[in-house]
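*Asks:* Before I ask anything, let me first share the structure, which is written out below as structure tokens.
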Amino acid sequence: MTLMTSWVESANNPTHPFPLNNLPYGVFSTEGKDPRCGVAIGDMILDCRAAEDAGLLDLGTPLFDVPFWNEVMEEGAELWARLRARLTEILTEGSADRNAAKDMLVAQAEAEMHLPFLVSEYTDFYAGRNHAFNVGTMFRGPENALPPNWLHIPIGYNGRASSVVVSGTDIRRPWGQLKGPNDEMPRFAPCARFDIELEMGAIVGQASDGPITVQEADDNIFGYVLLNDWSARDIQAWEYQPLGPFQAKATATSISPWIVTKAALEPFRVDTPEREFELLDHLKDVGPMLYDIDLAVTIAPEGKQATTIARTNYREMYYSAAQQLAHHSSAGTPMNAGDLLGSGTISGPTKPERGSLLELSWGGKEPLTLDSGETRSFIEDGDTLTLHGNAKGDGYTIGFGDCTGSVIAALDDPYAR
Ligand code: CA
């Protein structure tokens, strides 16, 4: 696969995140106009509602009379392919549709982005081996770092769909119950160890009812976003046994505004890592199931330049999203279009590849020095944290668009009315 050229000039730059090869789906609004579905092409957005209203984007059923992509998802994989083919036809170099479509382009610089889909339910996994090993080592020592089940099932917990926000949303530092020093009583206070988790989110596009195979799970995935699972480490440390995280993960979950489709990522498929134990049949790999996507995290203190604090790759995952989805369905729960599955924190094997401040600062023992000269163990008020993701093709890039959020000070009194 090489760069597919478009009549939208900015899309033909080999480092631009949104070439014709990508065509990611978002929801945007402009001055005085309601949110609506659009597809990114170069620096522009093709207004899908306008294109549908004008008869340019007629897939035989109305899809864009709503400001979210769930209706497209629910139509299924055959329609997903037809829609992508039609958008490619409209936006390709030399297209007969150019004159009709050019008035339906909106500059991204003038658009505000919204959540691209209605999040039906949200589950977060813990399926990056280096992350699980690092965190386990900090809490239990290297011999007991991975729990005995870890190499056999992708561990997860049910999060809150209502916590999911679009990139750019400010994140208020939470309050929570924290363990007192030594054996003192716990206290209710602002989180002092607020953190990020670098993750990918997989979006279920086709519903299922009952156990599905890994291949069926892969077929049912619509696309991917970058996901930041904001984490209050001090709240987590006190609450997490025995049922896992709860309030520590309930503040917010940021996602990047563009859904990068599974179709756009096909050229980047790679194998999962070698297995220490053979997986049971219902979780076995069915071909290359991860993607070669470069990931990075930057932190910018208020008014200061950004420093890159981590670089890793989605291929560091131990379990693919399809294996997570197959496992999730295995006891019979129905899965719905719009379900969001967080991958778990993605960390590579070396220190600069760690996808959380907890790991980067080793629980606060090894603070990072930023380019501005400041140090960080955890997030300070005013910091802006941004996740970046790019798959590098032959002369083109499949970008995700940033997943960013600024942390603002905790309220003086969270119960003040
Ligand atoms: Ca997480």
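Here, each number is a calculation from the coordinates, and none is a lab measurement. Quick caveat, the model's predicted, so the values are computed rather than measured. Ideal geometry is used to build each Cβ from the backbone, glycine not excepted, and the neighbour counts take in all protein chains shown.
*Asks:* For K249, go through the lysines and keep the ones whose alpha-carbon is under 18 Å away, minus same-chain ones fewer than eight residues off.
*Replies:* Partners found: K179.
*Asks:* Measuring from label point to label point, each 7 Å out along Cα→Cβ, what is the T369 to N158 span in nm?
*Replies:* Once both label points are built, they end up 4.8 nm from each other.
*Asks:* Where in segment 297-312 is the amide nitrogen less than 15 Å from a point lying 7 Å along the Cα-to-Cβ axis of E380?
*Replies:* Taking a point 7 Å out along Cα→Cβ of E380, the residues of segment 297-312 whose backbone N falls under 15 Å are 299-307.
*Asks:* Cβ under 12 Å from E121's Cβ, E121 left aside: what net charge do those residues give with Lys, Arg +1 and Asp, Glu -1?
*Replies:* -1
*Asks:* Could you pull out which residues in segment 182-205 have an amide N less than 18 Å from a spot 7 Å beyond the Cα of E266, following the Cα-Cβ vector?
*Replies:* The answer is 205, whose backbone nitrogens lie closer than 18 Å to the label point.
*Asks:* At 222 nm, what value in deg cm²/dmol follows for the chain if DSSP H runs of at least 4 each add -39500 (n - 2.57) and the sum is divided by all its residues, to the nearest 500?
*Replies:* My calculation for the chain gives -4500 deg cm²/dmol from helical runs alone.
*Asks:* Counting other beta carbons within 10 Å of each residue's own, what order do E110, E380 fall into, fewest first?
*Replies:* With the sparsest Cβ surroundings first, the list reads E110, E380.
*Asks:* On a C-alpha basis, how far is the centre of segment 133-156 from the centre of segment 63-99 in Å? Whole number, if you could?
*Replies:* For segment 133-156 versus segment 63-99, the Cα centre distance is 43 Å.
*Asks:* Still on this model: Taking the alpha-carbon centroid of each part, what is the distance from segment 29-49 to segment 260-293 in angstrom?
*Replies:* 33 Å
*Asks:* Additional query: Pulled fully out, how much extra length does the chain show between E110 and Q305, if you take 0.36 nm times their separation in residues and subtract their Cα-Cα distance?
*Replies:* My answer for the length gained is 67.8 nm.
*Asks:* Select from segment 289-390 those trypsin sites (Lys or Arg not before Pro) which occupy a DSSP coil region and have at most 11 other Cβ atoms within 10 Å, ordered by residue number.
*Replies:* K365
*Asks:* Anyone know which of V119, V106, V286 comes out most mobile in the 10 Å Cα GNM of the chain?
*Replies:* V286
*Asks:* Applying 1/(1 + (r/R0)^6) with R0 = 30 Å to the Cβ-Cβ distance of E74 and D292, what FRET efficiency is obtained, to the nearest 0.05?
*Replies:* The calculated FRET efficiency here is 0.50.
*Asks:* Right, next: Roughly how many nanometres apart are two label points built 7 Å out from the Cα toward the Cβ at E278 and A85?
*Replies:* For E278 paired with A85, the spin-label model returns 4.0 nm.
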